[in-house]
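Presented below is the structure to which this report refers.
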Amino acid sequence: MKLIMQIAAFVTIIIFVSVTLVFAHKISQDKFTLNPQISQECRNNSSVPCPNPTTLGNTPFIPDQQLDNQQRFLSTIANKISTIPPFDTFEYIILRAYGTAFINQEQGITLPQKVILDNESETQSFQDTISMALVDGTQECYLQKTAVEALNKARMLANISLKSGYSGDCLRSFATNLRFWNKYTNSETLAQVKAGKETKILGLVAPPGTSQHLWGLAIDLQVSTPAQRQVLNQNGWFQTIINDLPHWTYLGWSEDDLPKFGLQQKIVQGIKYWVAPI
Ligand SMILES: [Zn+2]
């Protein structure tokens, strides 16, 4: 009987130690996966404030509200892209035009680690990493799943149609982005955009590899009433590209939160846009 008791005690101790070890290992793994990569830019550049590691992980990063708008925006996106492009480079111009989507910090939302996707294979590799879903009532309109869920909610509350009804309203390939660009521009336009001499075109069509539609976080809609706009805003969707009226971007925050990340409100021809402050 004593022997049985001793064996039982021994087995109990072994089980206890095993469970403790497995649990401790899991915690250290979780810590590792939750610890985000602090960007190179933040380490190298003292003008970009480093995020506080203890506030990262599942908790969204909210920049220090003492910072100005530009610093708030840049410190937020420093968590997302590996290097903040130098001022007035092509990448910086694109970040200014389309970079608002990088404030999205929802679980399940994936952003590329750079502002410009260089070619079809880089675009495809990025798109392979995202979790997609079909917008309700469509045959081929794909977006990131979390963005779709928010859009479906908005469309249940207000009748909102897609712009054309074709897949080009939603997730696009690099080739589609390029085709649209070639349709509206000539052989000089890209060089003019890169030199900072042409910005208006960015409200009509995105240069190759730069569209928010490549990220699955934008959709072109037919929106005409304040009620439709309100319901989209209440579900995290905003107009962010000046003069691109049908274009909506999924930011995933309530409107009250947008200024915390430095986003600025601009009213152009009666339409409210939220734009990057850079
Ligand atoms: Zn669009």
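Quick look at the values:
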| quantity | calculated |
| --- | --- |
| Selection count where residues are more than 11 Å from the ligand (Cβ to nearest atom) and not β-branched (Val, Ile, Thr), scope the range 215-228 | 7 |
| Qualifying residue in the range 259-271 (condition: in contact with a Lys or Arg (Cβ under 9 Å, 6 or more places away or on another chain), assigned to a helix (DSSP H, G or I), aliphatic (A, V, I, L, M) and within 16 Å of the ligand (Cβ to nearest atom)) | no |
| Failed criterion for Leu232 (all others in (1) in a loop (DSSP other than H, G, I, E, B); (2) surrounded by 22 or more Cβ atoms within 10 Å (Cβ to Cβ); (3) out of contact with any His (no Cβ under 8 Å at 6 or more places or on another chain) hold) | (1) |
| Residues that are touching a residue at least 60 places away in the same chain (Cβ under 8 Å) and within 16 Å of the ligand (Cβ to nearest atom), drawn from the range 229-246 | Leu232, Trp237, Phe238, Thr240, Ile241, Pro246 |
| Some residue of the range 171-188 being aliphatic (A, V, I, L, M), touching a strand residue (DSSP E or B) at 6+ places or on another chain (Cβ under 6 Å) and surrounded by 13 or more Cβ atoms within 10 Å (Cβ to Cβ) | yes |
| Number of the condition not met by Lys183 [criteria: (1) under 20 Å from Gln127 (Cα atoms); (2) away from the ligand (no atom under 12 Å from the Cβ)] | (1) |
| Residue that is nearest to Leu258 (Cα to Cα), among those in the range 47-79 that are at pLDDT 90 or above and exposed (fewer than 11 other Cβ atoms within 10 Å of the Cβ) | Gln65 |
| Test: residue in the range 148-166 that is within 16 Å of the ligand (Cβ to nearest atom), surrounded by fewer than 17 Cβ atoms within 10 Å (Cβ to Cβ), within 21 Å of Thr210 (Cβ to Cβ) and of a type in the set (Gly, Ala, Ser) | yes |
| Candidates Arg155, Arg172, Arg179 - the one that is charged (D, E, K, R) and closer than 23 Å to Thr225 by Cα | Arg155 |
| Elements of type helices (runs of 4 or more DSSP H) contained in the range 128-225, each with 2 or more residues being more than 23 Å from Lys114 (Cβ to Cβ) | 145-157, 174-184 |
| Tally of residues being within 15 Å of the ligand (Cβ to nearest atom), hydrophobic (A, V, I, L, M, F, W, C) and surrounded by fewer than 19 Cβ atoms within 10 Å (Cβ to Cβ) across the range 189-204 | 2 |
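The values are calculated or read from the model by the stated rules, or taken from the named source; none is laboratory data. Model, not experiment: these values are computed from the prediction. Heads up, the Cβs are rebuilt from the backbone with ideal geometry, glycines too, and the neighbour counts pull from every protein chain shown.
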